[in-house]
1. Starting from residues that are modelled with pLDDT of 95 or more and in contact with a Ser or Thr (Cβ under 9 Å, 6 or more places away or on another chain), keep the ones in segment 88-113 and report whichever is most open to solvent (accessible area, probe 1.4 Å).
2. In segment 322-353, what residues are touching an Asp or Glu at 6+ places or on another chain (Cβ under 9 Å), more than 30 Å from Glu447 (Cα to Cα) and not hydroxyl-bearing (Ser, Thr, Tyr)?
3. Quick check: is even one residue across segment 188-210 in contact with a His (Cβ under 7 Å, 6 or more places away or on another chain) and among the acidic types (Asp, Glu)?
4. Output the residues belonging to segment 344-373 that are surrounded by fewer than 17 Cβ atoms within 10 Å (Cβ to Cβ), outside any strand (DSSP E or B) and of a type in the set (Ser, Thr, Tyr).
5. Does segment 199-218 hold any residues that are buried (at least 24 other Cβ atoms within 10 Å of the Cβ) and touching a helix residue (DSSP H, G or I) at 6+ places or on another chain (Cβ under 8 Å), and which are they?
6. Quick one: what pairs do we get from segment 199-223, first residue without any contact (Cβ under 8 Å) to a residue 40 or more places away in the chain, second among the hydrophobic types (A, V, I, L, M, F, W, C) and open to solvent by less than 30 Å² (accessible area, probe 1.4 Å), C-beta under 6 Å, 6+ apart or different chains?
7. Within segment 227-251, take every residue that is in contact with an Asp or Glu (Cβ under 8 Å, 6 or more places away or on another chain) and either among the β-branched types (Val, Ile, Thr) or surrounded by 22 or more Cβ atoms within 10 Å (Cβ to Cβ) (or both) and give me the one that is modelled with the lowest pLDDT.
8. Would you please name the residue that is nearest to Val360 (Cα to Cα), looking only at residues in segment 304-324 that are surrounded by 17 or more Cβ atoms within 10 Å (Cβ to Cβ) and polar (S, T, N, Q)?
Amino acid sequence: TKTNKRQQHISSYPAHLPFLRSIKINRHTIMMKSMRCITPLVLLSRLSASNSLAVASASTATGGAGVHVPIGKDGDGEYTASTKGCFDVIDTATPLVLEQIKKQPLRAFGVAAYHIADYGTADAGTSLGLMTKMVEAVRERSSDETNDDGDEKKEVVIHYEDQLTNEWQSVFNHALGLKSVSDAYNQPIPNPYALDNVFVEACGVGFHNQCYPKNSIDFGVSFTAMHWLSCSPSSLGGTEYMHAARLSRPDAVLPEKVQAASDWKSILNARTKELAPGGRFVCVNFCKDSNGYFLGQTDVGTSMWDSFQSSWDELKEQGLIQEEERLGVSFPSYYRTKDEFLEEVSNDSDLKVVSIEERVVRCPYRELYIAGKTNKTPREYAEWFVPTTKTWSHSTFKSALNDTRSEEEKERIMDQFWENYMTLVEKNPKEHGMDYVHAYIVFEKIE
């Protein structure tokens, strides 16, 4: 039977990977050879109600898979529901995107359909408004250039890209309009699929690699995604630092810094191949800006990272974790500086930088609370705000817990960690928020 064949295949795995031999697979077991990371990753697959495990190691095709694991039930769209700041980040980038659509050469509109790629889309909810405006702008430009007043709307294909362990059911719920979306201000977000002649596709190949055929993408965008590394060096484990950005020595040569440089080069090479001549790529990525500010640590309020640290340390004081677990957190991401973004842009590349600038987008949760527009108590604010930090960090904190612990025990510890954080926020809510610090980069594929 198929089950027996799977069990026979599992029993043939190398002896130095004993945990692979003991896992019963309900649907699929994926084994892939790694070119960058040797350490196998155990990926939680939420594609079936049985919570089956999909076992994989990072590979060329799936670089980054499992480095960041989404939270919540696939289909619920928890990322979009809890990450309202991303709407403001994308709104800030929208004029840049629409301006570039106007400037693209006519030849980009000579094919039957216009192709947009949204790299690192997560559950696709936060970019819906931009996708709608892009479709409208493309059609307006196309109609103007061809003097076409007919009823036929130009076809547009939206390619949603993310890791294979992404919340794909949530992506289609959002992209097809099956689940409505609103921003931090409760404003409904229009859906591009409702514009007709809009086609939706998904790609589970990691953005560190080439995801689409050469010269096939007219416009690529990426928001708050490409700071994730293709694998996790975990060099900060055993230290008091959780993230490379927290190090006081900017000249320190960390494995995360080295990996980030390699990854960025791969990302740019892949986008150069994919973009059609005259195509554009707008990358809005976390950075460490010229003031030393980065995500959650700016000139306003308490550092989110200090709050993370104290809430995590409290777990040991509560007798819930050991010292090695307290020091075991090492985020598999890197916030590049402007210089680091530009260093890997080759002079002889077909991809050129049109513009790059740093911007800080204030935390909408904190701003609305301080302005008195939420009518929330301090506790209600904590329960509203903290999940926006949880959506992207939960899996990293959880990975620091000892493997001897059961999944149930790990989740109980994580529940207490987030309770510690909410209690901290509740004491002085106006001091707690998560400001976004990004580099807004516009690339052009030279004709």
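1. Going through the qualifying residues, I end up with Leu96.
2. Arg326, Leu327, Phe331, Pro332
3. Initial filter on segment 188-210 (in contact with a His (Cβ under 7 Å, 6 or more places away or on another chain)): 201, 203.
Adding the requirement that they be among the acidic types (Asp, Glu) leaves 201.
Within segment 188-210 (the criterion being in contact with a His (Cβ under 7 Å, 6 or more places away or on another chain) and among the acidic types (Asp, Glu)), the answer is yes, since at least one residue qualifies.
4. Residues satisfying the conditions are Ser346, Ser349.
5. Phe207, His208, Ile217, Asp218
6. Close Cβ pairs satisfying both conditions: none exist.
7. Applying the filter and picking the extreme gives Leu236.
8. Step by step, filter segment 304-324, then rank; the result is Ser307.
The values are calculated or read from the model by the stated rules, or taken from the named source; none is laboratory data. This structure is a prediction, so every number in the text was calculated from the model and none was measured. Neighbour counts are summed over all protein chains in view; Cβ atoms, including those assigned to glycine, are modelled from backbone coordinates with ideal geometry. Protein only, heavy atoms only, side chains kept; ligands, DNA and RNA dropped before computing areas. Shrake-Rupley method; radii C 1.70, N 1.55, O 1.52, S 1.80 Å.
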